[in-house]
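Enquirer: Structure in C-alpha cells, see below.
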Amino acid sequence: MTKKQFAVGERLLLAVVFLAGIGTLGIEMVMPRMLAPFFGTSQPIWAVVIGMTLVYLAIGYRLGGLVADRRPDWRLLFQLIGWAGLSCAVIPFIARPILSTAQGALRNVAAGGFLAALIGVILLFAIPVTLMAMVSPFAIRLQLRYAEDIERAGRTAGTISALSTIGSIVGTFLTVLVLIPTIGVTSTLFLFAGFLVVLSLIGLRDPRGLLLVITVIVLAGAYQLTTGVIKAADCRSCRLIAEFESDYNYIQVAEQELTYSNGVVDRRRVLILNEGLAFHSIYRLKYRETGDPLDLLTDGGPWDYFTVAPYLYPETDPADVRSLALLGAAAGSIAQQFLAIYGPDTIIDAVEIDRKISEVGRRYFDMTDSSPKAPYFTTYNEDARYWLATTDRRYDVIGMDAYHQPYIPFHLTTVEFFREVKAKLNPRGVAVVNAGRPASGDDRLVNALASTMLAVFPQVYIIDTRFNNAIIIGVNQPVGDGIVHFIENAARIDIPALQLVMAWSLYEGRFGPLREFTPEMAQFRPFTDDHAPVEQLIDGIIFSEANKMVR
C-alpha cells in the first residue's frame, strides 16, 4: 500500500470510529425513554440501562478483538455496522409486545420492575450495542495493519479510543437535547438505523447495499402506518385521550367516568406519567359548568389538603392567605383550587420542570396561568430548588408535590433545602409536603421527611388524607396547640370547600386524624445534602410491598 493510500484509509477509519461512537451512545440514550412508559425512570431502571450497556460494550470489545485478529477485513467491519443498523430498525416493532409482556408477567414479583426492564433491555438492545462496540477494537487492528512498526500501537489505540469517546459525547447530547424532543423516540431509532446503514454502504461501496437502505425506509413507513398508542391508560374506567413524550416523561391524559352509589356520574381528566402507577393531577369537568370550588375537590386526594394548611395558626382567616409557591405543579390541580377558594388575585408561582406537562395542563386541565382569569398565576419551567434559591419573594404557603415514589429528587428532601424553604416563608407561613405511601401504610418515607423537617421547623404536623398519602406541614413559628387552633378556625370559616377538607383532616384520615409529629416519633436521622439515602429507602419500601403481594 502506498503512503497516500495509507493516509486515506487512516482518515476514513478514524471518521468511522467517530460516527460509530455517535450511534452507540445515541442508541443507549433511547433505552430509558423506551422503558419509561412501562417501568418508569427510577434509579434501578437507570441502573439496568447503564449496567447492561457496559456489559454489551465489554462483550463487543472482546468479540471485536477476536474477530479482527482472525479476519482483519474492511468489508467485515462495515457489514457489522450495517447489521447493527438493521437490528435498530426492528426494535420499534418488537418493543411494545416484549415490554408489555415482561411488565405483566413480573408485575407481582419482588423487584419485578427491575427484572422486567432487565429482560426488555437484553432482548431489545443487546445486538445493536454489542455490534457497535466491536468497531473500536476492529479499527485498532486495521490501523496497526497499516503501521510500519509496533511503535504506533499506543498512539493508534489512544486516538481511536478518544475519537470513539468524543463521538459518544456528541451522540448523547444530540439524542437527548435535539432528536428525542424534536422527532420522538421511535423516529430517533429509525434515524440511527438509517445512519448506520448508510455508513455501512459508504464503506462497502456495493450497489446491492441500497436494499438495506430501502429496507429501513420501508420498516419506518410500515411502523408509522401500524402503530397506535404507546400504552393504554392503566386505570379504572379510563379512556386515553392524548399521550406525549417530553424531555422528562411519558405523559398520558385520560378521561375517567365514575358512577357513585347515588347514581351521580363524575367525569374527570387525569394526568398519568411514565409507568402509570398514580395520578399526578385530577380535574373534574363539572367545574366548567358550576365554577363551584367544591367541584374542584378530588374526594380527599392529596391536592385538596394544601388549602387548609395555614389554619394551624390561631385566628387565621381566608383573607390572610394571599400567596402560594408550588414546587411540582403538574397540570395545576393545587393551583386551581387555591384560585377558586382564595380568589383570582392570589399570587401563585408554580414550578414544574417539565414544560410539556405545563402545556398539557393548559390544554386539557383548564390551567389558567398568565391569563386574564388569573393575572398573578405564573408557571416557571425550572428545577424547583434552583428556582427557590433565586426568587426574592416570600409566601404564605410553599407547597411541595414532588415526592411520589419512586421519583423523589434527593435534593428536595434535605435539611439544607427546607432551610431555603423556611427562609422564603412569611412570618405565619407554612411549608406543605405531599408524601406518598403504599396501601399497607408503610410510613418510612413520611417519617423520614417529617424528621428532616422537624430539624428545621419549630413544629411539624401530619394530615393523613382519605387516600394513602400524608400531608406534612412545617410551621414557620411556634403555634402552640395547632390542632386546637385548626378546630377553632374550622368552626369560624364559612367557605364550604374549606369546611369539607378541614372535616376530612380531622375525622376521615386514611391512617388517623391530624396529629403533631414529635421528636419522640422521629425514627430517622435528618437527610442532608451530603447524606440523603432516599433512593435506598424507596427501594426498600418497594421490595417490601412486592414481597407482601407474593405472600
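The values are calculated or read from the model by the stated rules, or taken from the named source; none is laboratory data. Quick caveat, the model's predicted, so the values are computed rather than measured. Don't worry about glycine lacking a Cβ; one is built from the backbone with ideal geometry, like all the others, and counts go over all protein chains shown. These accessible areas exclude ligands, DNA and RNA; they are computed on the full protein's heavy atoms, side chains included. Shrake-Rupley method; radii C 1.70, N 1.55, O 1.52, S 1.80 Å.
Enquirer: If you average the C-alpha positions of segment 292-333 and of segment 499-528 separately, how far apart do those two centres end up, in angstrom?
Expert: Centre-to-centre (Cα) distance: 17 Å.
Enquirer: What are the trypsin sites (Lys or Arg not before Pro) within segment 343-418 that DSSP puts in a loop, where the Cβ has at most 16 other Cβ atoms within 10 Å?
Expert: Those that pass, being in a loop and sparsely packed, are 373, 393, 394.
Enquirer: Once amide H atoms are placed 1.01 Å from N in the peptide plane, what residues at a sequence separation of 5 or more from residue 377, or on another chain, have their amide H within under 5 Å of its amide H?
Expert: The answer is 348, 370, 371.
Enquirer: Turning to a different aspect of this structure: Given H placed 1.01 Å from N in the peptide plane, which residues other than close sequence neighbours of residue 429 have an amide H under 5 Å from its amide H?
Expert: Answer set, sorted by chain and number: 476.
Enquirer: In whole percent, how big is the carbon plus sulfur part of the accessible area of segment 398-544, probe 1.4 Å, protein atoms only?
Expert: Carbon and sulfur together cover 55 percent of it.
Enquirer: List the chymotrypsin sites (Phe, Trp or Tyr not before Pro) within segment 249-328 that DSSP assigns to loop and that have no more than 14 neighbouring Cβ atoms inside 10 Å.
Expert: Answer in residue order: 260.
Enquirer: Kindly report the accessible area of segment 340-454 per residue (heavy atoms of protein chains, probe 1.4 Å, no ligands, DNA or RNA), in Å².
Expert: 37
Enquirer: Next question. Around residue 365, which amide H atoms from residues at least 5 apart in sequence, or from another chain, sit under 5 Å from its own amide H, with H modelled in the peptide plane?
Expert: So residue 365 has HN proximity to no qualifying residue.
Enquirer: While we're here: Among the GluC sites (Glu not before Pro) within segment 277-358, which fall in a DSSP loop and have no more than 15 other Cβ atoms within 10 Å of their own Cβ?
Expert: 315
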